[in-house]
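Chemist: The structure is given below, and queries will be raised subsequently.
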Amino acid sequence: MAISDFQLIEAWREVLTLSKLAHGQNVTVLTSASTHPQTLRCALIAVQSMGAIANRLDLQPVNGEKAFSRDSLAYLGTTPLTGNRAAIAALKASDLVLDLMTLLFSPEQHDILKGGTKILLAVEPPEVLARMVPTQGDKARVLAAAAKLGAAREMRVTSSAGTSLVCPMGEFAPTAEYGFVDEPGRWDHWPSGFALSYPNDHMAHGTIVIDRGDILLPQKRYVTEPIRLSVEKGYATRIEGGVDAALLRDYMETFRDPEGYAISHIGWGLQPRARWSTLGLYDREATIGMDARAFEGNFLFSLGPNNEGGGTRTTTCHIDIPLRHCTVSLDDDVMVREGRIVYE
Ligand SMILES: [Fe+2]
């Protein structure tokens, strides 16, 4: 259901307040062909209503001819900032960038953040943004989970569907995504609400069973028959099952890159306003699936790069996979039992 401009402006004002936007600061709103017009319109008004300076920078899409999906997270690689000195200068000169286009991780973005500019990604439909306006409570929960991930030497994940995964940890720092940017140089994504880290390179091993009802992104599909991933030395070495497994194998083959099969980020969802069932209510091109990534108690893992977490692996392939009903332990402590947060 649609929401009013007034509601979305109020939502933006809340997120900007949480992000400590101050009078006179420079805000650049990044847009492209797929930017939602209501989100843009309301962002510009909210920024100005708080006494800040609102700019708009429209960048050209890239990689459309290489990607096999229109999903903005489906193909990592060069970004509209690659070689784009003028755009980089404008973003570096901004206090806050509102990314309504999905800039994606890049060395250029890292450089902009290092200079103190904050970046907030917001590309879900307006009503999803309004439903999941972040709170300080979200931040506290996500930071607590990130601290546990940061202290752990090993994550174990099991499920009655057959998952039994071991991920030695400690090589990479955790990431907390709580939906606003309240520190200089911070990147975040509205909506979100999860903590993640990465297994030590080449060390994850075991079996992951993607069960019926679990979700593949960017496919935005609920799996209808189990997919079994064999994980050896940090990589999914076999993807077995029925049609769903064949579809995943075929999609991943389009990238022609063995690095795409590496176990990437691992963590769990903490957002009570995100729901597992929401994805089934949307056209696939209308959402990037943040409900699926953030719903409370999921085990969210991914296949692909680890450079965003500080590793050296880059690949254009990136699949996010939230699983239900998993038990996630850090060292000897259970964090999530059969899909329920148990440590709080
Ligand atoms: Fe991911």
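Chemist: Would you check which residues across the range 249-293 are more than 22 Å from Arg212 (Cβ to Cβ) and of a type in the set (Phe, Trp, Tyr) and list them?
Modeler: The answer is Phe255, Tyr261.
Chemist: If you don't mind, there's one more thing I want to ask. Any residue at all in the range 315-336 that's open to solvent by 20 Å² or more (accessible area, probe 1.4 Å), assigned to a loop (DSSP other than H, G, I, E, B), within 16 Å of the ligand (Cβ to nearest atom) and more than 30 Å from Ala140 (Cβ to Cβ)?
Modeler: Taking every residue of the range 315-336 in turn, at least one turns out to be open to solvent by 20 Å² or more (accessible area, probe 1.4 Å), assigned to a loop (DSSP other than H, G, I, E, B), within 16 Å of the ligand (Cβ to nearest atom) and more than 30 Å from Ala140 (Cβ to Cβ).
Chemist: Would you mind listing the strands (runs of 3 or more DSSP E) fully within the range 76-185 where at least 1 residues are in contact (Cβ under 8 Å) with a residue 40 or more places away in the chain, hydroxyl-bearing (Ser, Thr, Tyr) and open to solvent by 20 Å² or more (accessible area, probe 1.4 Å)?
Modeler: Per the criteria, 154-159, 164-168, 175-177.
Chemist: Here is a list of conditions, (1) within 12 Å of the ligand (Cβ to nearest atom); (2) of a type in the set (Gly, Ala, Ser); (3) at negative phi, and Gly304 meets all of them except one; can you say which number that is?
Modeler: With (1) within 12 Å of the ligand (Cβ to nearest atom); (2) of a type in the set (Gly, Ala, Ser); (3) at negative phi applied to Gly304, the lone miss is (3).
Chemist: Out of (1) within 15 Å of the ligand (Cβ to nearest atom); (2) touching a residue at least 40 places away in the same chain (Cβ under 8 Å), the odd one out for Gly280 is which?
Modeler: Here Gly280 clears every test but (1).
Chemist: Just one of the numbered conditions (1) β-branched (Val, Ile, Thr); (2) more than 16 Å from the ligand (Cβ to nearest atom); (3) farther than 15 Å from Ala74 by Cα is not true of Thr254; which one?
Modeler: Among (1) β-branched (Val, Ile, Thr); (2) more than 16 Å from the ligand (Cβ to nearest atom); (3) farther than 15 Å from Ala74 by Cα, Thr254 violates only (3).
Chemist: So, one more: Which of the residues belonging to the range 194-217 are within 17 Å of Thr312 (Cα to Cα) and part of a strand (DSSP E or B)?
Modeler: The one that is within 17 Å of Thr312 (Cα to Cα) and part of a strand (DSSP E or B): Ser197.
Chemist: Restricting attention to the range 27-56, which residues are surrounded by fewer than 20 Cβ atoms within 10 Å (Cβ to Cβ) and either in a helix (DSSP H, G or I) or touching a Pro at 6+ places or on another chain (Cβ under 7 Å) (or both)?
Modeler: Within the range 27-56, Ser32, Ala33, His36, Pro37, Gln38, Leu40, Arg41, Leu44, Ile45, Gln48, Ser49 qualify.
Chemist: Write out, first by first residue and then by second, each pair whose Cβ atoms fall under 7 Å of each other, whose residues are 6+ apart or on separate chains, and whose first residue, in the range 26-51, is outside the structural domain of Leu121 (by the TED database) while the second is in a helix (DSSP H, G or I) and buried (at least 18 other Cβ atoms within 10 Å of the Cβ).
Modeler: The qualifying pairs do not exist here.
Chemist: Can you name the number of the only condition in (1) of a type in the set (A, V, I, L, M); (2) out of contact with any Phe, Trp or Tyr (no Cβ under 8 Å at 6 or more places or on another chain); (3) open to solvent by less than 10 Å² (accessible area, probe 1.4 Å) that Leu303 fails?
Modeler: So Leu303 meets the others, but not (2).
The values are calculated or read from the model by the stated rules, or taken from the named source; none is laboratory data. All values reported here derive from a predicted model rather than from experimental measurement. Note that each Cβ is placed from the backbone with ideal geometry, even for glycine, and that neighbours are counted across all protein chains shown. These accessible areas exclude ligands, DNA and RNA; they are computed on the full protein's heavy atoms, side chains included. Shrake-Rupley method; radii C 1.70, N 1.55, O 1.52, S 1.80 Å.
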